[in-house]
Amino acid sequence: MRSPSNGRPPSTGGGAAPAPAPDDDFAFYYSFLQDAAADAPPSLLALDDPTSAAGAMTNGRRRKPRGPDGGDGEGAGAAKKDGKKRSIARILTSLAALEAEEHADRAGAADASRRELALLESNADTRSHAMMDYYAKMEGSFDTAADADAAARSKRSRLAASAATAAVVSAEDSAAASASPTRAVVAAGGGHHQRRLWVKDRSRDWWDKCSSPDYPEEDFRRAFRMGRETFDMICDALGSAVAKEDTMLRAAIPVRQRVAVCIWRLATGEPLRLVSKRFGLGISTCHKLVLEVCAAIKTVLMPRFLQWPDDAAAARFKEGFERSSGVPGVIGAMYTTHIPIIAPKISVAAYFNRRHTERNQKTSYSITLQGVVGPDGAFTDVCIGWPGSMPDDQVLEKSMLHQRAAAGMMRDSWLVGGASYPLMDWVLVPYTHPNLTWTQHAFNEKVGELRRVAVEAFARLKARWACLQKRTEVKLQDLPVVLGACCVLHNICELRGEEVDPAIRCELVDDETTPENPVRSEAAKRARDGIAHNLLHRGFAGTTFF
């Protein structure tokens, strides 16, 4: 008979309870737990005991403990309760022991891992230090070996060079001895034998022909813008400054050839590659020679041929200018020109020449060259290198002329300039306002004649040295030295009477600007009016303005 719906067997009072029905829903699980309890450890028997709390749970309800006779005995219930408590205590103790053992195992494993990691780090540090020491020793040994190898190669090279030189000398001495005993002695005593192992063969036929005494004077003058005597004078003056000594590998370039390379480059403005082919030298060698000779000209010849006039020379200049124009006290004519350059890498806007760009429809960059010219057409003062965007009056303010005038060295003297300069106590310029009188027209005519001296001098300067007419390959920082050398060479040619070939005549194209303040001295204004009045009444004024 199945149990009622509450899952409990029916109560029969205090009598014996019948055995569970064979078809009880929990019979299978109960017997299975009974069979497994025989093999379970003692600590887990309480879980399989049908009389325990766990075994008495069937279908979510607790079974009542039963006595040996099938009844609900009180003594047996108390004993079972004690056994149940002891079983639970044993279970809890076992679980705590297992947890403590597991915790101890984990702590031991962590300690072992830390010790192993510390050991590995120590071994790694030891190995790293050992490897670093080993690499340092190897590097030192390699450096020592490389130094020794380089010293050995250098020694072998010197020995080979000495052996080759000795062989060449011996061969030439033998040939000279077989040809002429006297020639052999000269060759053995002081002759120089050039080593051509690392020198590229270049043709020097053109320069050998030009340097020959049989070369026509007119052709030489056309090539170098000066006669042979003037050229020789320059070479003699620069000899100690540009001469080089011969070496074991090659002979030094002669002074005449060095000076010729520089003057040819300045005179023609040819690219360096063409200069290299003409003189049989390397391109970099030609560029270096140009800069070296220009620097020597600036150092040696500029103090002799380009200097401000002393009192005696100033008196001669004033007399010459007054005799030709009637204007008293003039010691020089002033002009500012522009030299085209390649666009610089820095401060491009400062060197941009707006007026040349608008006129030529081509972007132009330039630097300024301001010069004062005496009555003989030679420069007495130059100011080189200010950017092309600056007007003429600003260039004048930054020049040494302005400082010289501020120091009182221009007292009772005039510099004649164009309308782009302001009227000052020492600068005489033409009238620029409209509706001029006859007196003012006459004065402007005479000032124009004086100013033309400077304009023509600059025209001859650019005609002689064509490098000033085109954009040069010289760097911006080296350009003032090159332009200064051109001015010095111009003075030498002017003082020695070297004429400019009319075929190479150059026309100046420089746009004049108007200063913001054209009159900067009332005393100079009154002095200019007095000079204009005297010119008209003394008969020096012309009539071309009518």
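The values are calculated or read from the model by the stated rules, or taken from the named source; none is laboratory data. Just so we're clear, the structure is a prediction, and the values are computed from it rather than from any experiment. Note that we place each Cβ from the backbone using ideal geometry, even for glycine, and neighbour counts take in every protein chain shown. Keep in mind that these areas ignore ligands, DNA and RNA; they rest on the heavy atoms of the full protein, side chains included. Shrake-Rupley method; radii C 1.70, N 1.55, O 1.52, S 1.80 Å.
A few points about this structure:
- Cβ-Cβ FRET estimate between M400 and K137, R0 fixed at 56 Å, reported to 0.05: 0.30
- Label-point gap, in nm, between I283 and D205 - each point 7 angstrom along Cα→Cβ: 2.3
- Restriction of the trypsin sites (Lys or Arg not before Pro) in region 421-498 to DSSP coil positions whose beta-carbon has at most 15 other beta-carbons within 10 angstrom yields K470, R471, K475, R496.
- The amide H of L428, built 1.01 Å from its N in the peptide plane, has L415, V416, G417 as neighbours under 5 Å, considering only residues 5 or more places off or on other chains.
- Among the protein heavy atoms of region 271-338, carbon and sulfur supply 55% of the accessible surface, probe 1.4 Å, non-protein parts ignored.
- Among 106-116, 287-297, 396-406, 88-98, the order from most to least packed when residues are scored by Cβ within 10 Å on average: 287-297, 396-406, 88-98, 106-116
- Projected label distance in nm at Q469 and S521, using a 7 Å step from Cα toward the beta-carbon: 3.8
- Electrostatic bookkeeping for K398 treats Lys and Arg as +1 and Asp and Glu as -1; over the other residues with beta carbon under 14 Å from its beta carbon, the sum is -3.
- Calculated accessible area for region 464-546 comes out at 56 Å² per residue, all protein chains present (probe 1.4 Å; ligands, DNA, RNA ignored).
- Dipole magnitude for region 225-325: about 520 debye, using +1 per Lys or Arg Cβ and -1 per Asp or Glu Cβ, origin at the Cα centre.
- Compared with the direct C-alpha span, the chain from H129 to A146 gains 3.6 nm at full extension, assuming 0.36 nm per residue.
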